[in-house]
Structure formats: structure tokens, C-alpha cells
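Encoded as C-alpha cells, the structure appears first; notes follow it.
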Amino acid sequence: MKYWFGYLTAAIFGAITFVLLKFGERFSTLVDMVYPYVIRTWEGMLAQWSSAVSFPIWQLLAVALGALILCSLVLMIVLKWNPVQWLGWVLAVFSGIYMLHTLMWGLNYYAGPLADDMRLETASYTLEELTEAAEYYRDKANDLAEKVSRDDSGNVSFEAFDVLAERAGEGFETLTYKHHYPVFAGSRLPVKELGWADMYSSMGITGVTFGLTGEACVNPQIPDVTLPFTMCHEMAHRMCIATERDANFAAFLACSVHSDVSFQYSAYFMAYRYCYTALASVRTEASTTALQQLIAGVSDSLQRDLSTYDTFFNAKQDKAATNFADSVNDTYLKTSGVASGLKSYGEVCDLLVNWHIQTVVLPSISEIESPFDPYDENQIDLSGIVNAR
């Protein structure tokens, strides 16, 4: 019986995790009312503690855990421990870690969508509205592409990673205190550089947030144009904005209201990419025509940065490593309650299009319309009214 204690422990941890996930799914309204606010405070405390060192503590802990497992494996062979018993306790360790992650951060996936917190109405949209949004983000990116710093070769050249990380929180501060969105009132401490960047680049991973240590980390190798956006994306996760769709939208908002043009360009560059990808996926005659017109309006500077972005990931990514990482991430997201899995990254386009309609299109229409005048016969239908002239 003693050989099965590890498996029993793993099963208990797994059962607790299952109950937590089902609780989050069943009582999502209650989770939304309480959980993010408590965990956001807790994440802020953890972030303050982990900021004492510049490297990601969770990576050090991962190495230590790997070393302990390896040592235990060697001892199992030398001392002739029962391998079945050994495997049970290894499973128990990982089950315990996942249980803690679910309890201390993972239930954020069951909180309400960011759009609700921002009073942003989300609705289905037409191909024309998607095209107009894509053109808007393209034109903004075209304009900002001419204002950012570039090297002698014309490539984007932003400030050093540490400088950008130190300034990344400004956008969230603006959203919180000037635009009055308390959902962004989390820790604005700088993100950290991911160690072993080559490994993460080979898997196409741009950043990781580890809730158990309150650390938001970014791959320092990714192209400069995406660094500010990715930093804000990971900071949003640390603020308990869990889904990739919402974290992407939060990153766009934080970068777009930032005083630094580098952050603004990163926001509209990524917004354009997401809308372009969504438009390209429609695959109709009308969408093909719209896509061609969209591409024709891309400036040389923006096109250079788009090509640099694609070239980096094509050169760095290893197909097998990327497929493995994508499979793990997709499984994790679906297990956590995100039915669309990896596709949730691109779902930010829905928010971007609706945001464009409500903050750009509708206000521009209202400005054109004449103010209502009850005495203006041109604005009132007087037919059928007795004594009306």
C-alpha cells in the first residue's frame, strides 16, 4: 500500500483542482465579484517581494525542482527504490504545484470579460467594419512609424529593455486614474527578462507570467517594435487579466495612451497585425479585394517592420519545439476554461473592431450631425398635425 501514497496524494491534489475549476465555472459571477480583487492585491505583494532580484525567481525554482527530481532518480537507481513509488511522488509534486496555481491565480479565467469592466459593448460586425478598423490601425501605424527612433539601416531602435520596462506601467496608470478603469489598478512594477531566451524564441514564446511568484517576464530577443506591447501584455496578466484576448486588448489600450511614441507605435502595429490576420482569414472575393487595398496603403517603414517581425520568428522558431509549446499552451488554456485555446490570442480583433466603432466611428458621426432643434421644420415631421405650417 505504501507504494501508492504518492498517487493518492496526486489524486487528492487533482480532485481539489477539479473542484476549484468547476466552482469557477459554476459560480463565475461570484468569482468575478471577489476573486480578481483579492488576487490582484496578493500578486502586488508577491511582485514587490520578487522585485528584490532582477532575474526570474520562478526559473531558479524550476531549475532547483528539476535538479531534485534528477537527484531522486539517481538515488532511486543506486538505492534500488521502487520506480512505481518514485513516479507517484513526482506526479504528486506537479499536481500540488498546479493546484496552488489554480487557487492563487488560475480562477481569473472565470472572471468576467474585460469588455464588461470597461462598459465596452461587443457585437458582431460586418466585413466593411472590420476593413475600416484595419485601415484605421494601419494609418495610425503608418504615421507613428515615421516618428519612432531608427538606426542607420532604417530598423526600429527603441531604448534598452530595462528602460522600457521601467516606463511600461505609465499607460496602465493613465487608464486607471485618468480614464477611470479600476480594473487596471494592479502592480506596475517592471517586467523581467526571461532567462534562456534562445529556448523561448525557438518555441515562439514572447513572454511568461508566473502567478505563484508575481513575476511578469518578457523574452528580450523579440523585435523592438513588439517589446512595449508584450511588456504590457504580461503586466496585464499580473493584474489578473487572464485570457489572452483581454490581455492583448489591455496591452493595446495601455500602449496607445502612453506618452512615449515607441509604446504608441507598438500598440497600433500589433492592432493592425491582428486585424490584418482576421481579414485574411475570411477568404471571400470581397475580403480578398479589401485585403489588397489594405496592403497597398502600408508605408515603406511599416512594411519594413512587418517584414522584420516575420523574419525574426521564421528564423528563430523550431517547428518541433513550437508545436510542442503550442500543444501545451492550448491544452492549458482549454483546461483553464478558455474553449478556443490558442485561438483566443487572435480574438482580440473582436474587441479592437468594436472599440474602433464606439470610440472613433460613432463620435465622428455625432460631430457631423446638427444639434436637435424642436423649432426646425427640417428636423421635425409636421405632417398630420393640426394647424402645423
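Expressed in nm to one decimal, what extension gain is obtained for the pair Thr288 and Ile77 from 0.36 nm per residue of sequence separation less their Cα-Cα distance?
Between Thr288 and Ile77, full extension yields an extra 69.8 nm.
Treating only the Cβ of Lys, Arg, Asp and Glu as charged (+1, +1, -1, -1), what charge dipole size does region 101-198 show about its Cα centre? Round to the nearest 20 debye.
So the magnitude is around 400 debye.
List the trypsin sites (Lys or Arg not before Pro) within region 1-101 that DSSP assigns to loop and that have no more than 11 neighbouring Cβ atoms inside 10 Å.
For trypsin sites (Lys or Arg not before Pro) across region 1-101 that sit outside H, G, I, E and B with at most 11 neighbouring Cβ atoms in 10 Å, the list reads Lys80.
From the residues Ala286, Cys232, Ser327, which one has its Cα farthest along the dipole of region 189-342 in the positive direction, the dipole being from +1 and -1 charges on Cβ of Lys/Arg and Asp/Glu about the Cα centre?
Ala286
Tell me, what is the percent relative contact order of the chain, built from C-alpha pairs under 8 Å that lie six or more residues apart?
Relative contact order here is 21 percent.
Compute the length gained on full extension between Leu100 and Ala320: take 0.36 nm times their separation in residues and subtract their Cα-Cα distance, giving the result in nm to one decimal.
76.2 nm
Hydropathy at least -1.0 by Kyte-Doolittle, axial extent at least 30 angstrom from the Cα trace: which helices of the chain, defined as entire DSSP H runs, fit?
For the chain, where a helix must reach 30 Å along its axis and average at least -1.0, the hits are 5-26, 28-50, 57-79, 83-104.
Are there GluC sites (Glu not before Pro) in region 22-129 that DSSP puts in a loop and that have at most 13 other Cβ atoms within 10 Å, and which ones?
In loop regions of region 22-129 (DSSP not H, G, I, E or B), the sparsely surrounded GluC sites (Glu not before Pro) are Glu121.
Pick from Phe158, Phe263, Phe249 the residue whose mean-square fluctuation is largest in a GNM of the chain, springs joining Cα atoms under 10 Å.
Phe158
Please rank Tyr332, Tyr35, Tyr177, fewest neighbouring Cβ atoms within 10 Å first, as an exposure proxy.
Ordered by Cβ neighbours within 10 Å, fewest first: Tyr177, Tyr332, Tyr35.
Which cross-chain or sequence-distant (5 or more) residues have an amide H under 5 Å from the amide H of Gly207, H modelled 1.01 Å from N in plane?
Asn219
Among Ile57, Ile241, which comes first, second and so on when ranked by fewest other beta-carbon atoms within 10 Å?
Final ranking by Cβ density, sparse to dense: Ile57, Ile241.
Alpha carbon centre of region 42-87 versus region 116-154: separation in Å?
Cα centres, region 42-87 to region 116-154: 43 Å.
What is the Cα centroid distance between region 270-314 and region 175-198, reported in whole angstrom?
Cα centroid of region 270-314 versus Cα centroid of region 175-198: 28 Å apart.
Check each of the trypsin sites (Lys or Arg not before Pro) in region 230-318 and keep only those in coil by DSSP with at most 16 other C-beta atoms within 10 angstrom; list them in order.
Here the sparse-neighbourhood loop sites are Arg283.
What is the Rg over Rh value, at two decimals, for the chain, using alpha-carbon atoms and the Kirkwood definition of Rh?
With Rh from the inverse mean 1/r over Cα pairs, Rg/Rh is 1.06.
Report the full-extension gain for the segment Asp310 to Arg26: residue separation times 0.36 nm, less the Cα-Cα distance, to one decimal in nm.
In short, 98.1 nm is gained.
FYI, it's all coordinate maths here, none of it is from the lab. It should be emphasised that the depicted structure is a prediction, and the values quoted were computed from it without experimental measurement. As a convention, Cβ positions derive from the backbone with ideal geometry for all residues, glycine included, and neighbour counts pool all protein chains shown.
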